[in-house]
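J.: Got a structure for you, questions after.
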Amino acid sequence: MRTTLTLEDDVLDRARALAHRLHSPFRQVVNEALRAGLEVVEEPTRVRPYHTQPRKLGLKPGRSLDNIQELIAQLEGEAHQ
């Protein structure tokens, strides 16, 4: 089937260079590139789920989460406000 496409200059240059390197017809290179590109477009990117490893942090001795203001004062000093 014959159709007309407008290719950007950089795409045209890359396709021609690839066709020359592979000793393949230009139309074959373009068709293969379109097939590969269409598969990528049709199938969404597979993203691996992000996992973190839990770590037991705890508090240093003498510190407590019961009074956050006191804890901040201990960590940052009285001038934190």
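Each value in this text was obtained by applying a stated rule to the coordinates, not by laboratory testing. These numbers come from a predicted model, not from an experiment. Because the Cβ atoms are built from the backbone with ideal geometry, glycine has one as well, and the counts that use them run over all protein chains shown.
J.: Relative to the longest principal axis of the chain, what angle (0 to 90°, nearest 10) does the C-alpha long axis of helix 26-42 take?
T.: Here the helix axis deviates by roughly 30 degrees.
J.: Additional query: Angle check, please: helix 9-22 long axis (alpha carbons) against the longest principal axis of the chain (alpha carbons), in degrees 0 to 90, nearest 10.
T.: Around 70 degrees separate the two axes.
J.: Sticking with this structure for a sec: For the pair Leu7 and Arg63, how long in nm is the line joining their label points, each one 7 Å along Cα→Cβ?
T.: Rounded to a tenth, the inter-label distance reads 6.2 nm.
J.: From the list (i) -0.53, -1.15, -1.25; (ii) -0.59, -1.05, -1.17; (iii) -0.27, -0.99, -1.21, can you say which value of log10 I(q)/I(0) by the Debye sum over Cα atoms at q = 0.12, 0.22, 0.24 Å⁻¹ was derived from the structure given?
T.: Correct label, based on the coordinates given: (ii).
J.: Quick one: if the Förster radius is 35 Å, what FRET efficiency do His51 and Leu75 give, using the C-beta to C-beta distance and rounding to 0.05?
T.: For R0 = 35 Å, the calculated efficiency reads 0.75.
J.: When the chain is modelled as a GNM with alpha-carbon springs shorter than 10 Å, which of Pro49, Pro25, Pro61 fluctuates the most?
T.: In the Gaussian network model the winner is Pro61.
J.: Please report the net charge: other residues with Cβ closer than 13 Å to the Cβ of Leu7, K and R +1, D and E -1.
T.: Around Leu7, the charge tally is -1.
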